[in-house]
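Please read the structure below before turning to the comments.
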Amino acid sequence: MKRSAHKGPRDNIKYCGNCNPDLHPKYVRTIVDTIFKDTEPDTLVLINGCARECLTKSKAIQSVQKIISVNAREIVEKDGASNNRRNNGL
Amino acid sequence: MPLKTKEEYIQSLRNMKKRIFIFGEEIENYVDHPIIRPSINACAMTYDLAQQPEYEELLTTQSSLTGKKINRFTHLHQSTEDLVKKVKMQRLLGQKTGCCFQRCVGFDGLNAVDSVTFEMDRDLGTEYHKRFRAYLTYVQENDLVVDGAMTDPKGNRRLAPSQQADPDMFVRIIERREDGIIVRGSKVHQTGAVNSHEVLVMPTQTMREEDNDYAVCFAVPADAQGILYVYGRQSCDTRKMEEAEVDVGNKMFGGQEAVIIFNDVFIPNERVFMCGEYQYSGALVERFAGYHRQSYGGCKSGVGDVLIGAAQAIAKIQGLDGVSHIKEKLVEMIHLNETIYSCGIACSAEGKPTASGTYLIDLMLANICKLNVTRNPYEISRLAQDIAGGILVTLPSEKDFANPEIGPLLKKYLRGASQYTTEDRCRIQRLIENLTLGTGAVGYLTESMHGAGSPQAQKIMIGRLANLNYKEQIAKELAGIKDRD
């Protein structure tokens, strides 16, 4: 039985779904996987793809104790990525 | 875990032996047929994105029936958040495929049947809801694609089903047995039927007592004995058989519609969810139509994103980016596109639970959504064609560009801005052509017009739901008119 070719996620990193992403989600993921690689497993990291921040607003998240909620554009800019990398879809 | 991969989905279609006709011939291998395969790829995207962490929040959820992680297309909406996520998911899929990805009709049918069967059992003491939930658990556990089959051929539109010269113009029960029913008829405009595992049949209109044999709802495996499929033609469809890379416009993905014929098909009782209870047919039609009208706010805005992006790209390639009238047209395209998305979000946010617990969208706003969808894609397409220019419909074929004598000349004379290749220009022009005139236009334009009901159907609902008496009253109050009634 063939399995999905996609690399498995880390359980404590959640993406919003990216229906309106400011930046290409695949590119954002490469940065997220680096920045948050040492985050404690009991901390939920929410990656919002745009200013609407749907994931942070989600009712399902409200009961979670330890959350880091970020906007994709902020973490990419803080990572110091160049304009070329930012616009280069993967 | 129930989630299938896209490879498993495609293999599951190979394992189903359906009787499919295209261009007058029955075909053996439909999965690899060049006209059909792009539509399978589009449906497969609903599986593929569910496996990707960047998108799984929209494509997956926890089942309200089993607690397991399932594909959202098999989910019963449990909240307004679910309804909103549905629209966002559909927008995402429209962006990724640039076409109709086909899995929504069944999704909407499942949700409508759930609430109506609950109310039937509550009022009539039947067992339809229990059967339906067992069936839906099976769909979820196996991550199946369900074709939502509503539209009958209808024959003479002025006559009720039982008055038609040919009684088979609407799907009907021709025999009731102890272990099930036998049905006969046809459903048309069946989006994704050939790519489905199951067919969920619903009545196409409110039935009266004399039409009770037509008040039937059931689920049947897509390869059941007696079912035939006839593939619908689309504008520019045979380009997919030319082994062309560029001329198709959107080579990987496409939509699909078929005629389904039910030749005396047996349905066992456990798959029958309405069998003559005509009083509930109207509610089923109304709710299915409501959910499906909501869907268009998502899927068509996603495809609209692709067309807007293509218009922006061709403007750059042709050296027109930054020109004020081009920018103005792009903004107008965005305005129209976000309008239909806004309507999809609005009817979702204003949803509420039915008696079964399954959430239903706001019917008025869902109909407003769809009525806007019957108009806005046409104007967005017009503006895209305006920006693209006349070369959109006069471009030589890909084979001409490959000819050793004329190819280099075409590449020289049809180049746009020097930092882009002529091939880039051709590719984007063909994509715009696909979406506004070709196979993609079937889904983006005509389906926007007639899918989930033609404009008049939405106007009837809007007129019915508008509460005009109250609006008249508030106007009279402000005008100082005392009520003499």
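Some observations on this one:
- In plain terms, the chain from B:Arg464 to B:Arg158 could stretch by 108.1 nm, reckoned as 0.36 nm per residue minus the Cα-Cα distance.
- Fully extending the segment from B:Leu228 to B:Ala244 would add 2.7 nm, taking 0.36 nm per residue of separation and subtracting the current Cα-Cα distance.
- Stokes-Einstein translational diffusion, the range B:92-198 - Kirkwood Rh over all Cα pairs, 0.692 mPa s, 37 °C, in µm²/s: 203
- For chain B: relative contact order, % (alpha-carbon pairs under 8 angstrom, 6 or more apart): 18
- Approximating the spin labels as points 7 Å out from Cα along Cα→Cβ, the B:Asp179-to-B:Arg382 distance works out to 5.9 nm.
- Protein-only accessible surface order, largest first, of B:Val230, B:Val84 at 1.4 Å: B:Val230, B:Val84
- Across B:Lys86/B:Lys154; B:Lys85/B:Lys300; B:Lys4/B:Lys68; A:Lys14/A:Lys78; B:Lys130/B:Lys352, pairs whose alpha-carbon gap is larger than 24 Å: B:Lys86/B:Lys154
- As a ratio to 2.2 N^0.38 Å, the alpha-carbon radius of gyration computed for the range B:1-152 takes the value 1.11.
- Two numbers describe the Cα atoms of the range B:281-331: Rg and Dmax, which are 17.8, 56 Å.
- Pairwise label distance in nanometres, B:Ile391 with B:Glu26, each label 7 Å out on the Cα-Cβ vector: 4.9
- Beta bridges per DSSP, both residues in chain B: antiparallel share near 80 percent.
- Sequence-distant contacts, meaning Cα pairs under 8 Å at least 6 residues apart, place the relative contact order of the range B:281-439 at 30 percent.
- Here the gap between B:Tyr138 and B:Phe266, fully extended at 0.36 nm per residue and compared with their Cα-Cα distance, gives a gain of 44.1 nm.
- Percentage relative contact order, the range B:29-171, counting C-alpha pairs under 8 Å, at least six apart: 20
- D (Stokes-Einstein, µm²/s), Kirkwood Cα radius, chain B, 0.890 mPa s at 25 °C: 104
- Extending 7 Å from the Cα toward the beta-carbon at both B:Glu209 and B:Thr421 defines two label points whose distance is 7.2 nm.
- For chain B, the cysteines with no partner cysteine C-beta closer than 4.7 Å are B:Cys43, B:Cys99, B:Cys100, B:Cys104, B:Cys217, B:Cys236, B:Cys275, B:Cys299, B:Cys347, B:Cys426.
- Loop-located trypsin sites (Lys or Arg not before Pro) in the range B:1-63 whose Cβ has at most 10 other Cβ within 10 Å (DSSP): B:Lys17
- Computed from the Kirkwood radius of its Cα pairs, the Stokes-Einstein diffusion coefficient for the range B:165-270 at 25 °C and 0.890 mPa s stands at 157 µm²/s.
- Under 13 Å, Cβ to Cβ, from B:Phe266 - net charge with Lys/Arg +1 and Asp/Glu -1: -1
- Net charge over other residues, Cβ less than 15 angstrom from the Cβ of B:Leu478 (K, R count +1; D, E count -1): 0
- DSSP-loop GluC sites (Glu not before Pro) across the range B:152-252, with at most 14 other Cβ within 10 angstrom: B:Glu178, B:Glu242, B:Glu243, B:Glu245
- Computed E for A:Lys78/B:Gln279 - FRET, C-beta separation, R0 56 angstrom, nearest 0.05: 0.35
- Structure-based [θ]222 nm, the protein assembly as shown - -39500 (n - 2.57) summed over DSSP H runs of at least 4, per residue, nearest 500: -13500 deg cm²/dmol
- B:Val442 sits among other residues whose Cβ lies under 12 Å from its own Cβ, and their net charge, with Lys and Arg +1 and Asp and Glu -1, is -2.
The values are calculated or read from the model by the stated rules, or taken from the named source; none is laboratory data. Keep in mind that what you see is a predicted model, and the values were worked out from it rather than measured. Positions of Cβ are backbone-derived with ideal geometry, glycine not excepted, and every protein chain shown enters the neighbour counts. All accessible areas refer to the heavy atoms of the entire protein, side chains included, with ligands and DNA or RNA removed. Shrake-Rupley method; radii C 1.70, N 1.55, O 1.52, S 1.80 Å.
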